[in-house]
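The values are calculated or read from the model by the stated rules, or taken from the named source; none is laboratory data. In this text the structure is predicted, and so the values were computed from the model without any measurement. Every residue, glycine as well, gets a Cβ built from its backbone with ideal geometry; the counts of neighbours run over all protein chains shown. The area values use the complete protein model at the heavy-atom level, side chains included, leaving out ligands, DNA and RNA. Shrake-Rupley method; radii C 1.70, N 1.55, O 1.52, S 1.80 Å.
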Amino acid sequence: MSILKKNSPSYPLLTFILTWAGFIILMSMYFPIPLTEEWMTTYHISETKAVWVGSSFALCYGICCLLYGPLSDQFGRKIFLVIGICILTIATFICAFLVQYEVLIVFRILQAIGAAAFVPISLVYVGEVFPPNQRLRAISFITSGFLVSNIVAQVFGSIIYYYYGHKWIYIILAILYLATAILTILYLPKETSTKHQNSIILNFFNIKKLFFNKQLCISFFITFTLLFSLIGMYTILGQILSNAPFYFTENQILTVRAVGLLAIVASIFSKQITNRFGTIRSVKASMLLAALSLFIMGLSNSPLLVIMFSLFFVASIALVIPINMSLINERAATQRGTAILFNAFILFVGASIGPILTTKLMDYGNAFIAFSTVSIILLIGLFFSFQFQKESES
């Protein structure tokens with residue numbers, strides 16, 4: 001395992017930089033969620049194509065996580081953190097001036113290639129650079145940043161698009177990415193180089209060993225359900241609030257999305273909650289609450305109930321993400337780095353499929369069918385989570 005050379009850095013500063021970076025980088029994934037109709041108008045495309053403005057990023061992001069795991073094992077973490085943020089900065093700035101949908105998708109993919117080299121590797125970086133007594137806290141803050149990004153990005157994207165147009169979304173993000181690149185280069189220390197016995201090709205082949213670990217497979221499936229349901233829920237929520245019987249204005253919908261930030265606080269208290277109720281029990285209870293919240297949202301005709309249970313849902317998902325990640329860290333043993341990056345791949349495959357499926361369900365069904373379908377998928381994850389306890393007790 002890698003450790004820092006000589007002078008120990010300020011770990012609170014490193015935690016801030018990595019939390020900020022994860023937060024601002026993932027805004028590129030989330031800001032298109034509430035802007036589907038705007039993309040349709042801007043690029044004269046169908047709704048399905050408009051959804052791909054966001055989903056192309058998420059899907060490519062997930063695929064790249066598989067590539068960067070073995071590569072960063074071989075060549076180190078910081079070099080990919082720097083390269084990733086630089087690629088993202090350049091691609092984001094270029095996106096501001098694109099007028100063709102097909103070219104935009106190409107550069108959204110380039111954005112994802114850069115983002116995937118930073119965000120998941122930063123979690124592995126924490127495990128190698130931070131002392132054991134500071135890792136859990138750092139990971140909790142970083143994952144909180146991921147979740148806060150989901151909500152802030154939607155509000156940010158809607159406001160900037162409304163007042164200035166989509167061009168300035170990319171320009172502002174590019175400026176923030178440039179600042180983040182400077183912080184990364186100047187303040188993140190390079191981990192001590194470690195001699196790797198395996199070749200890059202063997203590192204790739206060793207990914208298959210993850211599937212021989214039943215506990216990891218369960219965690220990976222739970223991971224898929226998390227962003228799948230979170231992004232799917234916000235896709236449905238935006239549509240139902242703007243139509244009958246609610247007829248919310250754009251500003252009111254923005255307020256609802258912003259209120260969701262309150263629920264993210266749950267992730268910060270994951271350590272305290274698991275210490276009191278147990279890790280597995282916390283996962284089960286949170287997934288059950290999330291599934292029931294979605295079901296009630298589908299049944300309700302009251303905007304207050306819909307919003308209230310959306311907060312319960314977001315809080316539950318926010319709690320499960322860091323707990324599930326800690327389970328993966330614990331059970332992956334020597335494949336911890338590969339497992340974390342594969343987990344990121346699964347997480348964002350879910351994020352790319354969520355809005356596509358829920359949009360189709362809303363087209364051919366209604367909000368109840370869409371919410372219920374996502375709820376059932378969470379319940380399947382809950383069912384598999386019972387295998388955690390069985391195996392740990394055996």
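Residue-by-condition table, conditions (1) surrounded by 14 or more Cβ atoms within 10 Å (Cβ to Cβ); (2) modelled with pLDDT of 95 or more; (3) in contact with a Leu (Cβ under 8 Å, 6 or more places away or on another chain):
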| position | (1), (2), (3) |
| --- | --- |
| Tyr162 | no, no, no |
| Gly165 | no, no, no |
| Ala174 | yes, yes, no |
| Asn206 | yes, no, no |
| Phe224 | yes, no, yes |
| Leu227 | yes, no, yes |
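Scanning the range 348-366 for residues being open to solvent by less than 20 Å² (accessible area, probe 1.4 Å) and either among the aliphatic types (A, V, I, L, M) or at pLDDT below 90 (or both) gives a total of 7.
Scanning the range 149-158 for residues that are hydrophobic (A, V, I, L, M, F, W, C) and at pLDDT below 85 yields one hit, Ile151. Within the range 12-48, being among the β-branched types (Val, Ile, Thr), surrounded by fewer than 18 Cβ atoms within 10 Å (Cβ to Cβ) and closer than 23 Å to Leu227 by Cα holds for one residue alone: Thr48.
Is there a residue being closer than 21 Å to Phe348 by Cα, surrounded by fewer than 18 Cβ atoms within 10 Å (Cβ to Cβ) and not aromatic (Phe, Trp, Tyr) anywhere in the range 116-129? No; the residues of the range 116-129 include none that is closer than 21 Å to Phe348 by Cα, surrounded by fewer than 18 Cβ atoms within 10 Å (Cβ to Cβ) and not aromatic (Phe, Trp, Tyr).
The residue list Ser375, Ser310, Ser293, Ser316 contains one member that is modelled with pLDDT of 95 or more, closer than 27 Å to Ser56 by Cα and in a helix (DSSP H, G or I), which is Ser375. Counting only residues that are open to solvent by less than 60 Å² (accessible area, probe 1.4 Å), closer than 15 Å to Phe156 by Cα and either in a loop (DSSP other than H, G, I, E, B) or without any contact (Cβ under 8 Å) to a residue 40 or more places away in the chain (or both), the range 234-278 holds 1 of them. Sub-9 Å Cβ pairs linking a first residue in the range 182-211 that is hydroxyl-bearing (Ser, Thr, Tyr) to a second residue that is in a loop (DSSP other than H, G, I, E, B) and modelled with pLDDT of 65 or more, at least 6 apart or interchain, are Thr184/Phe118; Tyr187/Pro9; Tyr187/Ser10; Ser193/Gly76; Thr194/Gly76, ordered by first then second residue. Which ones in the range 282-306 are farther than 15 Å from Ser375 by Cα and crowded, with 18+ Cβ neighbours inside 10 Å? Listed by number, the residues that qualify are Ser282, Val283. Among the residues of this structure, Gly260 counts as one that is under 21 Å from the mean Cα position of the chain (by Cα), over 22 Å from Val124 (Cβ atoms), among the small types (Gly, Ala, Ser) and at pLDDT below 85.
Considering the range 72-139, the qualifying helices (runs of 4 or more DSSP H), each wholly inside and each with 1 or more residues that are at pLDDT 95 or above, farther than 17 Å from Thr338 by Cα and of a type in the set (Val, Ile, Thr), run over 78-95, 101-116.
Annotation: Phe97 fulfils all but one of (1) open to solvent by 10 Å² or more (accessible area, probe 1.4 Å); (2) under 15 Å from Gly22 (Cα atoms); (3) not polar (S, T, N, Q); the unmet one is (2).
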